[in-house]
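Laboratory data are not the source of any read-out in this text; all were calculated from the coordinates shown. Bear in mind the structure is a predicted one, so any value in this text is a computation, not a measurement. Ideal geometry is used to build each Cβ from the backbone, glycine not excepted, and the neighbour counts take in all protein chains shown.
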Amino acid sequence: MLLKDKKLLITGVLTPQSIAYGVAELAIKEGAEVILTSFGRPMSLTQRTAKKLGATPPEVLELDVTNPEHFPKLTETLKAKWGRVDGVLHAIAYAPEDALGGKFLTTPWESVQQAFRVSTFSLKELSAAVAPLMTNGGSIVTLDFDNSTQAWPLYDWMGVCKAALGSTVRYLARDLGPKGIRVNALAAGPIATIAAKGIPGFKHLENKWGSQAPLGWDARSDAASDAVARTVCVMLSDWMPKTTGEQIRVDGGFHALGAEPVTLPLVETPPAAPTT
Ligand SMILES: NC(=O)c1ccc[n+]([C@@H]2O[C@H](COP(=O)([O-])OP(=O)(O)OC[C@H]3O[C@@H](n4cnc5c(N)ncnc54)[C@H](O)[C@@H]3O)[C@@H](O)[C@H]2O)c1
C-alpha cells in the first residue's frame with residue numbers, strides 16, 4: 001500500500017465534493033492514518049462528512065487559519081496523539097466577494113489581506129506548525145490553480161494569492177529541505193466544489209477546460225477529482241523523494257496548449273467548377 005503507516009493531516013474537507021475528501025478517502029484506502037481539520041461553523045459539516053470516511057471516522061481538530069492560537073494547539077495535539085507527522089495536505093482558500101468577479105481595480109486592501117491570509121500565508125503557518133513533528137522527514141502538499149504566469153477572467157485577487165502560493169512553496173522548500181521535508185503544489189484544473197462554485201464565471205472556466213484539455217476534463221466528473229486525489233497521494237508518499245519547490249499540474253494537459261484545438265479538413269475541397 002502506497003501510504004502504509006503514514007500519519008497524515010488533511011485540511012479542507014467540507015463536503016464529499018471537497019478535493020481534500022477524495023484525498024482522505026484514497027489515503028485511508030492506501031493504509032494511512034488520517035486526522036482532519038475544520039473550523040467554526042463549517043465544523044459540524046466536516047464532522048458529518050468525516051463519518052462517510054469509514055466505520056471509524058477520522059478525528060476532526062479545530063483549525064481556523066486566521067486564529068494564531070490554533071497553530072500551537074494543533075502542534076501540541078498532534079504531538080500527544082501521534083508523536084510525529086509524515087504528511088500534510090493544505091487545501092484551504094477563501095476570498096471575500098469583492099475580491100473576485102471582475103472588481104480587481106476596486107477591491108479594498110482589507111479584502112485582499114483576508115484572501116492572502118487564508119489562502120496563502122496559512123501555508124507558511126501550517127508548515128511551521130507541523131515541521132517540528134516531521135522527525136522522519138515529510139511531505140507538505142498545497143492545492144494551486146495554474147496561475148503563476150497568467151491573468152484569468154474574474155479570478156482576480158485569488159489569482160494573485162495563488163501566484164504567491166507558488167512562491168511560498170519555493171521558499172518553504174528552501175527552508176525545510178535540509179530537514180528532509182518536501183513542499184510542493186498540485187495545480188488542479190477546475191473541480192465543481194463549494195469553493196469553486198463561489199467563483200463568479202466558474203462555468204466559463206469549466207467549459208474552456210473541457211474544450212482545450214487534450215486528455216479531456218469534466219469538472220463535475222469523478223475522473224477529475226480522482227486524478228487529483230491519486231496525484232496528491234503519490235506526492236505524500238515516498239515515491240517522489242527528490243521533488244520539492246515544484247508545481248505539478250493535474251489539468252488534463254490544458255496548460256500545454258495555447259488555444260483550443262481546431263479540426264481543419266486535411267485536404268481542402270477545391271471550389272466547385274462553374275456549371276454551364
Ligand atoms: N475546485 C477547484 O476548481 C480548484 C482548482 C484548483 C485548486 N483548488 C484549491 O483547492 C483547495 C480546496 O478547495 P475545494 O475546491 O476543495 O473547495 P472546498 O470549499 O471544499 O474547500 C475549501 C476549504 O477551505 C476551508 N477554509 C476556508 N477558510 C478557512 C479558515 N479560515 N480556516 C481553515 N479552513 C478554512 C473551508 O472550510 C473548506 O474546507 C483550495 O485551495 C482551492 O483554491 C480548487
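Taken along the Cα-to-beta-carbon direction at a fixed 7 Å, the label points for Trp109 and Ala192 span 4.1 nm.
Among 78-89, 100-111, sorting by the average number of other beta carbon atoms lying within 10 angstrom of each residue, highest first, gives 78-89, 100-111.
With θ taken as phi - 60° and the Karplus curve 6.51 cos²θ - 1.76 cosθ + 1.60 applied, the whole-hertz 3J(HN,Hα) list for segment 74-88 is 4, 4, 4, 4, 5, 5, 5, 7, 10, x, 8, 10, 9, x, 9 Hz, x standing for glycine and proline. Where only DSSP H runs of four or more residues are counted, the chain gives -11000 deg cm²/dmol as its mean residue ellipticity at 222 nm, each run worth -39500 (n - 2.57).
A simple rule links phi to the HN-Hα coupling: the Karplus curve 6.51 cos²θ - 1.76 cosθ + 1.60 with θ = phi - 60°, which for segment 244-251 gives 8, x, 10, 10, 9, 8, 10, 9 Hz, with x for Gly and Pro. In segment 7-256, Rg over Rh equals 0.94, where Rg is the alpha-carbon radius of gyration and Rh the Kirkwood radius from pairwise Cα distances.
Tell me, Tyr155, Tyr171, Tyr94 in order of fewest to most beta-carbon neighbours within 10 Å?
Numbers: Tyr155 25, Tyr171 12, Tyr94 17.
Ordered by Cβ neighbours within 10 Å, fewest first: Tyr171, Tyr94, Tyr155.
Using the structure shown, list the pairs from Lys29/Lys52; Lys7/Lys81; Lys73/Lys197 with a Cα-Cα distance above 21 Å, or answer none.
Details: Lys29/Lys52 13 Å; Lys7/Lys81 10 Å; Lys73/Lys197 32 Å.
Over 21 Å apart, Cα to Cα: Lys73/Lys197.
In what sequence, highest mean first, do 60-72, 34-46 appear when ranked by Cβ atoms within 10 angstrom?
Details: 60-72: 15.7, 34-46: 17.9.
By packing density, highest mean first, the sequence is 34-46, 60-72.
Couplings 3J(HN,Hα) for segment 6-23, derived from phi with the Karplus relation 6.51 cos²θ - 1.76 cosθ + 1.60 (θ = phi - 60°), are 6, 9, 10, 9, 10, 8, x, 7, 10, 10, x, 7, 4, 4, 5, 5, x, 5 Hz, where x marks Gly and Pro. Over what distance in Å are the Cα centres of segment 196-224 and segment 69-141 separated? Segment 196-224 and segment 69-141 have Cα centres spaced 26 Å from each other. With a Förster radius of 35 Å applied to the beta-carbon distance between Glu59 and Arg174, the computed FRET efficiency rounds to 0.60. Computed from label points 7 Å out along Cα-Cβ, the spacing between Ala259 and Asp238 is 5.0 nm.
Distant-in-sequence amide contacts of Thr135, defined by a placed amide H-H separation under 5 Å and a gap of 5 or more residues or a different chain, comprise Val85. In the chain, Cα pairs under 8 Å separated by at least six residues give a relative contact order of 18 percent.
Provide the FRET efficiency to the nearest 0.05 for the Asp226-Thr275 pair, computing r from the beta carbons and using R0 = 45 Å. Each step should come with its number before you reach the end.
Working: r = 58 Å, r/R0 = 1.28.
For Asp226 and Thr275, the calculated efficiency is 0.20.
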